[in-house]
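J.: The structure follows.
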Protein chains: 2
Amino acid sequence: MSDSPTGTAFRIANNVGEGRVVAAPVWSVDPRTGKAREQVAVEADAAEVDAAVRAAYATRGALADRGARARLLRAAAELLDAARDRVVEAADAETALGPVRLTGELARTTAQLRYFAGIVEDGAFLDVRISRPDPATTPPTPDLRRMKVPLGVVAVYAASNFPLAFSVPGGDTASALAAGCPVVVKAHPDHPATSELCAALLRKAAAESGLPEDVVRLVHGFDAGTELVRHPLVAAAGFTGSVRGGRALFDAAAARPVPIPFHGELGSLNPVVITEAAAAERAEELGAGLAASMTLGQGQFCTKPGFVLAPAGEAGDRFLSALTDAVSETEPGVMLDHRMRDAFLDGVRERAALPGVTVTVTPGAGGEHTVSGGVLVTDAGPLAEGGHAALLEECFGPVTVVARYASREEAGTVLGLLPGNLTATLHTADEDPEAPGLLADLTPLAGRILVNGWPTGVAVADAQHHGGPYPATTSLSTSVGGTAIERWLRPVTYQSTPQHLLPPELRDATEAGEG
Amino acid sequence: MSDSPTGTAFRIANNVGEGRVVAAPVWSVDPRTGKAREQVAVEADAAEVDAAVRAAYATRGALADRGARARLLRAAAELLDAARDRVVEAADAETALGPVRLTGELARTTAQLRYFAGIVEDGAFLDVRISRPDPATTPPTPDLRRMKVPLGVVAVYAASNFPLAFSVPGGDTASALAAGCPVVVKAHPDHPATSELCAALLRKAAAESGLPEDVVRLVHGFDAGTELVRHPLVAAAGFTGSVRGGRALFDAAAARPVPIPFHGELGSLNPVVITEAAAAERAEELGAGLAASMTLGQGQFCTKPGFVLAPAGEAGDRFLSALTDAVSETEPGVMLDHRMRDAFLDGVRERAALPGVTVTVTPGAGGEHTVSGGVLVTDAGPLAEGGHAALLEECFGPVTVVARYASREEAGTVLGLLPGNLTATLHTADEDPEAPGLLADLTPLAGRILVNGWPTGVAVADAQHHGGPYPATTSLSTSVGGTAIERWLRPVTYQSTPQHLLPPELRDATEAGEG
């Protein structure tokens, strides 16, 4: 893409002159073959990151116009929908997620942009609170009027597994722009061409909406990502990715002279508990349902159910049998990149080598570029005793761990040892006496609690919460749904401020009904 | 106090046996003389901190009862009011803040406890959001019901300068208990006896309300504070104090294997801008008003106006003259402790030694234990050029820096160099053409913006915001006002959950109007 939309000048990869550093090339790679497709850009150096942040920073004033923000979000949705074939083709070539999934992901992404346009227009996110003067309090209460204002430039770290919905045009960008914050996106190296295409469309949408194009900037490169979170003019960050990468950036955000909020979604086991009654009632349905959820998108969902407590005994056996049958019937698939494929196969091997762990489907069978789904099975006993810690860590890819519990107490003990999660799921039956207690055990573990469902598929809705105790997220916020906008705002209270100096949203309503 | 309410056994300070570590004594000290009054307790070691946290943790279930929480907060207010004379006497003996101020602070503290009782009963803080199923969205929206739940044990680090309102029975404790979180308070060493007395009253209130006394625990000691923020069962922390101490604890909170939110209020200059028009209109009133605000409580308020941009020229001269006259007439006073007094005098000396800085009142004149108020004056020019950095750092105590600006541009340049603040104040006149622009310059600097007022005195109200950009606070939240409760809550969404398994607040309203 020689017409780089982010202004990154193309430099020849080997152009080393006196005192010049090599500009590392950014390649688009086909995960179906492992081969490079094209050079998309070069990695941004510190000066380029600085320029991107400063350019974005300069657009804050223009973004203060809520009407323009709503127009921008709707225009972006229109342009992305209009470019659907190109976007899906680019994303599929780089991620192998397939056109059906990616067409759906694009629909979700553009709906999300329009959803945040509505939130901007509605204005409830400003969380206006007004306290009238009251001389009787200690100390006396003056006229106080509070609302939320944008934080400033937001750094968005795109995800590997959702090249659209959690990347350049995704939820972090949509919610940050809705809040009035310019965005600098650090592209994910798994889909740089898709990132450039989407950034160009967002910048075009800005221009069409009367806003500067630099409300969105894009940078590539690992070091650029580190520079970004350290930049003094970056006010907050959103991240979706691994525990290791996310924690490093979280630590950098916290270690700044002026620390900034870092909203990272790092990793999640997404535990599922199947009660004896649920297994007795619908073992086969549960097995098939779990297989579909855990292999969806090659198991590359943040909400993949990766740990299942299933009862020992006959009903649990039937469930496990249905699960392994269904998983064994799924086609091998291509993961997002070969590094992930290697990590997946290593992770499965490590877990399968633990004493007492059996592999009922061999994950990893497939060709040189593909993987198959798999199921690891263990008794819950060793886990309840604090062993087999690797089974309580996320293994990214199409594998789940089924731990067979012998008693309610054993299941509860294991739940008490789990790290934080995005989701926790209970499968129960009508009038199941275990349900209330298990739900109480699950609630501390996650940000979303499901009953008789599967956690993959995260609706964009007012009541959604996609976040949870660490390492699921590094903050208490959500990255999906209407309240995601809260991440990019801070409250400001105006005290005893004359009407004409107040922001319009805080003024008294006039006779004409304004205010 | 041999009947230590927190269960810390008294040990003899010099009781060193084989392998036993000395238990460091905690002394109550009279700041009016610098002499020890009594040994109040001993510092908690790691095992005692652990025991305190575990005891508090065990009360979470009991605190889930919102009615009991409201009763607890009201009972605490009643007991504190009933013990007013004892509480004020203890606090005055340890802080020298005087009975008038402390009686007012106690009234504010008990009003704050009752205010949070009302917030608990009202329930709006649960921020319930419900999304009905919608199969037309991508992905489809299931039944989603979100509310906020308590985080867990909250560590509260008490302030030196508000032995009641920002200490054991203060806003952090009140808002955390209101949220349903047990509290472990780390007492401030400047008022350990007051802390013990207040903790005993809070624990008695718990017992009277049918709650375990351990919903509030108290620990003493610097090392205990560090242990506390690192404890795995501590879920969040609130802090009011210095930049150095607060940043160290913030760093410890961020470096945990599982990082936790750290809501620290660290330091604030609280800049004031006086326009030419305001000075021309009421120079004398402004000088007297600033003098009263900056010397209130010996200048030991977090919101003390510590940096004032005043115009060069005749009107500004009159303002400065009125200010210095008023400050020179204030009586010398006793600071909270001698370490603070030393730091204040050192801080003033350091700033006064800068080239071009004049001292119009000599701060520090007074007896061995007292200090007087002072005013440092400089041209804004060196500041606008990036010099005199010490003048842009808080100097805790009764001193303010007046920077005389030659132009609107110079004032704006200096404002752009200021760190984050709790408050920023504009003094303006009717139809002052500079007002809108200056207000726009001040808004990014602080969490509360005042027009024609003084920042000391923080009303407890729904629309209050007592927080601001770092170092004013380490988070985006407030420590005063109704929304302070948000610090101790996290959202949880229940998906497709049957009515009988939902928390009562999320159920559909029944025909009888419940729910």
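The values are calculated or read from the model by the stated rules, or taken from the named source; none is laboratory data. Since we're looking at a predicted model, the values are computed, not measured. All Cβ positions, even for glycine, are placed from backbone atoms using ideal geometry, and neighbour counts span all protein chains on display. SASA here: full protein model, heavy atoms, side chains in, ligands and nucleic acids out. Shrake-Rupley method; radii C 1.70, N 1.55, O 1.52, S 1.80 Å.
J.: Evaluated at 4 °C with a viscosity of 1.567 mPa s, what Stokes-Einstein diffusion coefficient in µm²/s does the range B:271-451 have when Rh comes from the Kirkwood expression over alpha-carbon pairs?
T.: Using the Kirkwood radius from Cα pairs, D works out to 80 µm²/s.
J.: Can you work out D for the protein assembly as shown in µm² s⁻¹ from Stokes-Einstein, where Rh is the Kirkwood radius over C-alpha pairs, the temperature is 20 °C and the viscosity is 1.002 mPa s?
T.: 71 µm²/s
J.: From zero outward in steps of 5 Å, how is the percent of C-alpha pairs of the range A:370-515 spread across the bins?
T.: Reading upward from the zero bin: 2, 8, 12, 15, 15, 12, 9, 6, 4, 4, 4, 4, 3, 1, 0.
J.: Enter the accessible area of A:Asp92 (Å², nearest 10), with the probe set to 1.4 Å and all protein chains included.
T.: 30 Å²
J.: Still on this structure: Quantify how strongly other chains surround peptide A:245-252 by giving the mean number of their Cβ atoms within 10 Å of each of its Cβ atoms.
T.: For peptide A:245-252, the averaged partner shielding equals 1.
J.: Is there a pair in B:Lys35/B:Lys186; A:Lys148/B:Lys148; B:Lys148/B:Lys304; A:Lys148/B:Lys304; B:Lys35/B:Lys304 whose C-alpha atoms are over 26 Å apart, and which pairs would that be?
T.: As for pairs spanning more than 26 Å Cα to Cα, those are B:Lys148/B:Lys304; B:Lys35/B:Lys304.
J.: Using a 1.4 angstrom probe and counting only protein chains, how large is the accessible area of A:Cys302 in Å², to 10?
T.: Answer for A:Cys302: close to 20 Å² accessible.
J.: Roughly how many Å² of A:Val100 are accessible to a 1.4 Å probe, to the nearest 10?
T.: The value for A:Val100 is about 130 Å².
J.: Taking the label point 7 Å from Cα in the Cβ direction, how far apart in nm is A:Thr226 from each other copy of itself, listed shortest first?
T.: 2.8
J.: Here's another thing I want to ask about it. On each of the three principal axes of the Cα atoms of the range A:126-275, give max minus min coordinate, whole Å, ordered largest first.
T.: The principal-axis extents, from largest down, are 62, 54, 40 Å.
J.: If the label for B:Glu329 sits 7 angstrom from Cα along the Cα-to-Cβ line, what are its distances to the same label in every other copy, in nm to one decimal, shortest first?
T.: Sorted ascending, the copy-to-copy spacings read 9.2 nm.
J.: Chain B: D in µm²/s via Stokes-Einstein (Kirkwood Rh, Cα pairs, 4 °C, 1.567 mPa s)?
T.: Stokes-Einstein gives a translational diffusion coefficient of 53 µm²/s.
J.: How much of the DSSP bridge set in the range A:271-451 is antiparallel, in percent, rounded to the nearest 5?
T.: Bridges in the range A:271-451 that DSSP calls antiparallel: roughly 20 percent.
J.: While we're looking at this one, here's another question. Dipole of the range B:252-312, Cα-centred, from +1 at each Lys and Arg C-beta and -1 at each Asp and Glu C-beta, to the nearest 20 debye?
T.: It comes to approximately 380 debye.
J.: Pull out a ≥ b ≥ c, the square roots of the eigenvalues of the alpha-carbon gyration tensor of the range B:270-372, then state rounded if a/c is under 1.5, prolate if not and a/b is larger than b/c, and oblate in the remaining case.
T.: In terms of gyration-tensor shape, prolate.
J.: Taking the axis that carries chain A onto chain B, what is the nearest Cβ in chain A, and at how many Å, to the whole number?
T.: Taking Cβ atoms only, the nearest residue and its distance are A:Ala254, 2.
J.: Amide H neighbours of A:Arg37 under 5 Å, counting only residues 5+ apart in sequence or on other chains, H built in-plane at 1.01 Å?
T.: It is A:Ser28, A:Val29, A:Asp30, by chain and number.
J.: Just tell me how shielded A:453-463 is by partners: mean number of partner chain Cβ atoms within 10 Å of each residue's Cβ, no decimals.
T.: Counting Cβ atoms of other protein chains within 10 Å of each residue's Cβ and averaging gives 6.
J.: While we're looking at this one, here's another question. In Å³ and rounded to a whole number, note down the convex hull volume per residue for the Cα atoms of the range A:63-178.
T.: Roughly 122 Å³ of hull volume per residue.
J.: On a 0 to 90 degree scale, rounded to 10, what angle separates helix A:66-82 from the longest Cα axis of chain A?
T.: 50 degrees
J.: Shielding by partners for A:429-435, please: the mean number of other protein chain Cβ atoms within 10 Å of each residue's Cβ.
T.: 1
J.: Taking the Cα centre of the protein assembly as shown as origin, sum charge times position over the Cβ atoms of Lys and Arg (+1) and Asp and Glu (-1), and report the length of that vector in debye to the nearest 20.
T.: 440 debye
J.: What do you get for the angle between helix A:314-329 and the principal long axis of chain A? Use alpha-carbon atoms, 0 to 90 degrees, nearest ten.
T.: The two axes meet at around 70 degrees.
J.: Sticking with this structure for a sec: What's the whole-number percent of alpha carbon pairs in the range A:183-255 lying beyond 14 angstrom?
T.: Pairs farther apart than 14 Å: 63 percent.
J.: Suppose every Lys and Arg Cβ carries +1 and every Asp and Glu Cβ carries -1, with no other charges. What dipole size does the range A:271-451 come out with about its Cα centre, to the nearest 20 debye?
T.: With Lys and Arg at +1 and Asp and Glu at -1, about 500 debye.
J.: Would you work out the relative contact order for chain A, in percent, from Cα pairs under 8 angstrom that are 6 or more residues apart?
T.: Once normalised by length, the contact order is 16 percent.
J.: Continuing with this model, one more query. Dimensions of the range B:417-494 along principal axes (Cα, Å, largest first)?
T.: Rounded to whole Å, the extents work out to 53, 27, 25 Å.
J.: Leaving out ligands, DNA and RNA, and with a 1.4 Å probe, what % of the accessible surface on the range B:271-451 is carbon or sulfur?
T.: Ligands and nucleic acids excluded, carbon and sulfur give 53 percent.
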